[in-house]
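To start, the structure itself, in structure tokens.
What follows draws every value from the coordinates through simple rules; no lab data is involved. These numbers come from a predicted model, not from an experiment. Glycine gets a Cβ as well: all are built from the backbone with ideal geometry, and neighbour counts include every protein chain shown.
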Amino acid sequence: MFAKVPERYMHRVRWVLALGWLLLITSLFYDPISHWLTLPEHTWSPLSISNITPYDCVLVQGKCLPEQPYAIGAIMFWGLIVPTGVFVLLVFGHDAWRRVCPLSFMSQIPRALGIKKMRKKVNAKTGKVRYEMNRVDRNSWLAKNHLYLQMVLFFVGITARILFVNSNRIALGLFLLGTILSAMAFNYFYAGKSWCQFICPMAPVEQVFAEPRGLLNSKAHTGDRKVVTQSMCRTVSPEGKEQSACVACSTPCIDIDAERSYWDSVTHPKQQWLYYAYVGLTVGYFVYPFLFAGNWEFLISAAWAHQENQLDTLFNPGFYIFGNLIDIPKIVAVPLTIGLFGLAGYYLGCKIEKLYKAYLFRNHKLVSTEVVRHRMFTLCTFFIYNFFFIFGGSNFVRMLPTQLRYLFPIVMAVCSGLWLYRTWGRNPYLYQREGLATRLRQQLAKLKLNISQFLDGRALDDLNADEIYVLAKVLPGFDKEKKIEAYKGILKESINEGYANSTSSLEMMRQMRLELNITDQEHELLLTELEVEDPFLVDIEHQQNHEDWLRQESYRQALLDTIMESSKEHPHQAIVLDLFDVMTGKKSFESFDELLDKLSPEELKAVEAIREEYSISSQEEKDILLHSNPHQLWQTMAYTLSAIEHLDAIAEGRINPSCNLGEISDEQMIFYRHTFSKFDKDGNDSLSAIELHSLLRALGRSYSAERVQVVMDMITGTPYSKSISFSDFTTLLHQELTEQSHEVMYERFRRFDVDNSGHINLEELRLCLRDIDVSLSDSQIEEMLRLADSNNDNEISYEEFCDLFGQFKNTVHSV
């Protein structure tokens with residue numbers, strides 16, 4: 001819901017909230033006015049003692065507690081700000097909270113001021129020095145145990161509230177200022193939202209109430225999967241374009257996709273401590289005032305929230321039970337009570353979970369551990385939300401007008417009930433199904449199929465996951481080859497964006513294979529195709545998580561935008577054009593740093609700032625800039641077009657497949673043998689029809705099974721051939737890009753020039769490239785257009801087309 005609100009608006013909202021919070025903190029130290037609102041005779045004020053406290057005398061340990069007018073800063077923080085945060089988390093979701101949280105906002109002040117602890121890196125070969133921001137090591141104790149640390153800090157925080165800061169305004173003000181300074185200090189040493197992810201005591205509360213999703217939250221896994229995240233980890237460029245500021249400080253990241261983060265960790269033992277112990281701690285927190293005072297009036301009257309002599313009671317007896325004082329100091333009794341309740345909550349939660357599992361087993365109900373635990377966690381959130389607002393917060397409800405006092409618990413119950421209804425049926429399989437359906441929707445949109453007749457006037461984006469899968473099954477033209485093509489595109493996107501790797505993709509995409517009738521063997525062959533097309537994609541050394549992909553892609557876009565802007569400011573400065581040539585693959589990466597040194601101090605500072613912002617290492621920078629750049633994409637496309645023409649000529653009998661296609665070099669022969677071995681899954685030194693079919697798809701031709709057999713027969717010269725040899729394979733694959741005639745180049749150009757205008761615009765380029773490679777993204781196609789468009793008129797002329805393809809003559813590029 002809030003994820004699509006422009007950042008410039010949310011930035012203003014955060015400023016208003018942050019300034020309001022600072023004003024409240026200031027009032028804790030000096031407030032000569034607001035106590036007037038609490039005077040007993042001012043019955044018109046909702047904060048008047050006579051309105052909030054329904055009792056003539058509130059007994060505390062058998063003695064009447066004198067109530068005096070008080071400044072309202074503390075009670076406003078505990079009675080308004082904290083409950084509002086909980087309400088926002090459950091109703092609007094984590095993406096809304098993280099975009100407005102004032103503490104998270106102020107923790108970024110060091111970054112905004114350019115004051116960050118940097119790590120110095122020296123290139124051993126060149127001696128170049130660069131600086132990178134520190135990130136919490138994912139193998140460190142903090143990264144592995146931060147949730148336990150945050151639970152301890154939460155326990156310390158609620159204990160400190162009862163003992164020191166509940167109604168003592170000075171102590172509360174110092175506590176809040178200390179928290180803000182701690183957040184700023186931690187984020188001075190570490191990049192991103194490290195305070196929020198690893199230290200913040202509010203984080204357990206956020207997880208309990210915001211995961212797996214809020215009532216009205218944005219759905220990251222079914223959205224458009226833009227680089228910009230759902231949180232405030234985004235910036236606005238001078239041109240008004242929103243850019244991601246993600247530095248991959250945590251994985252999986254709740255700021256990117258709260259539900260993915262939830263399902264990834266739902267079976268971990270720490271989640272039991274989070275939910276079950278949180279319930280116990282919260283209940284213990286609200287029960288202690290009864291154990292201390294000997295009655296519920298102390299809590300219900302809100303007298304405990306503005307008790308003026310709070311610090312004077314630290315060493316008084318901490319319990320008053322059945323009219324008897326128990327001589328345990330309050331400073332010991334409070335952590336003892338809350339701690340025991342927390343342990344009891346954890347024990348009871350685990351016990352009930354085991355009983356529920358046993359019940360399901362006895363009744364032969366096959367439910368996974370993930371679903372069992374999810375249901376338990378859901379009930380915990382539902383219970384503690386209502387306990388917090390309807391019982392624990394009943395004292396602050398008295399500040400509302402009379403009519404709203406009765407409406408408030410109804411609203412809370414309705415909100416939590418709707419949340420329970422939406423959340424109870426969630427499971428990791430449904431989450432994956434929805435996410436994959438979104439990718440399938442995108443693939444269907446790329447295919448040239450007549451879909452509108454099945455949608456009854458609806459758009460493809462309006463269909464839910466089940467409707468997408470049904471459409472895929474009944475859609476005419478969406479045959480086996482189209483399904484494999486779509487599945488391959490989904491597989492490539494999932495691996496490229498870090499949602500899966502070559503190993504985990506088999507299990508992750510099992511549901512999609514069932515829906516599209518794709519076998520495990522075909523999945524393995526498609527992985528091989530991807531490996532041949534782009535070895536970088538499935539290389540185990542380069543496989544990364546989604547957060548790192550997001551960080552690196554954000555850096556690439558930010559750097560490209562910066563250089564493009566510099567070229568506008570200096571249109572005749574060759575250095576800027578040279579930098580752009582490096583980024584688009586026209587020049588080698590080795591010259592990149594040398595070219596950067598020739599920039600003006602301001603431009604170089606901007607590039608260094610982007611490097612530091614995303615904490616990019618030298619190797620990452622090289623991989624980012626050289627991987628899938630438009631020059632390489634055009635080179636691959638040139639080879640693919642040549643291979644397609646060659647294959648079509650073989651299939652149509654226009655050339656003899658055994659004809660001499662030129663000398664094969666040793667380097668080429670090594671490449672062909674390496675490629676052949678990848679597709680030769682059974683290792684018998686021949687390719688079966690299925691294996692050849694996969695190879696042809698990698699070459700850009702999704703032939704039918706019948707046409708594959710025709711090609712195989714023509715290559716071998718034998719009817720009904722069962723396989724082709726390595727010798728046949730080299731004949732099929734080898735094709736040198738020699739000098740092409742004017743007629744051949746013109747026919748290629750006409751393939752792209754759909755409207756015969758003499759120019760190729762972006763839409764025509766997108767249409768034709770997707771016909772060859774459905775997995776190309778819009779941004780890749782746009783960069784390919786910019787590379788070919790030498791006169792900057794946003795179109796490719798025939799001359800520009802010939803100049804571009806002329807660069808790839810006498811070149812054999814990997815398929």
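Things to note:
- Each residue of the stretch 301-308 was assigned a 3J(HN,Hα) from its phi angle through the Karplus expression (A = 6.51, B = -1.76, C = 1.60, θ = phi - 60°), giving 6, 6, 5, 5, 7, 9, 6, 5 Hz with x at Gly and Pro.
- For ALA191, nonlocal amide neighbours, meaning residues 5 or more places apart or on other chains whose placed amide H falls under 5 Å from its own, are ASN134, ARG135, VAL136.
- Net charge dipole, the stretch 59-139: roughly 1060 debye, given to the nearest 20, about the Cα centre with Cβ charges of +1 for Lys and Arg and -1 for Asp and Glu.
- Charge dipole magnitude, Cβ of K and R +1, D and E -1 - the stretch 10-98, Cα centre, debye nearest 20: 380 debye
- Under 18 Å from LYS330, Cα to Cα: aspartates and glutamates that are on another chain or at least 8 residues apart: GLU308, ASP312
- Added length on full extension, which subtracts the Cα-Cα distance from 0.36 nm per residue, LYS473 to GLU507: 10.1 nm
- Average projection area in nm² (convex hull over Cα atoms of the stretch 462-528, one quarter of hull surface): 4.7 nm²
- Ranked by the mean number of other Cβ atoms within 10 Å per residue, highest first, peptides 743-755, 146-158 order as 146-158, 743-755.
- Ranking ASN168, PHE186, VAL122 by Cα position along the charge dipole of the stretch 101-248, where only Lys, Arg, Asp and Glu carry charges on their C-beta atoms, puts VAL122 farthest toward the positive end.
- Per-residue Karplus couplings for the stretch 71-82, computed as 6.51 cos²θ - 1.76 cosθ + 1.60 with θ equal to phi - 60°, are listed in order as 5, 8, x, 5, 5, 5, 5, 6, x, 10, 5, 4 Hz, Gly and Pro entered as x.
- Placed amide H near PHE319: partners under 5 Å, 5+ positions off or other chain: ILE326, ILE328
- Karplus (6.51, -1.76, 1.60) ³J(HN,Hα), θ = phi - 60°, over the stretch 116-124, in Hz, Gly and Pro reported as x: 9, 6, 10, 9, 7, 10, 10, 6, 5
- Local electrostatic count, LEU311, Cβ distance below 15 Å [Lys/Arg +1, Asp/Glu -1]: +1
- Taking a straight Cα-Cα cut-off under 20 Å and skipping sequence neighbours fewer than 8 places away in the same chain, the aspartates and glutamates within cross-link reach of LYS357 are GLU370.
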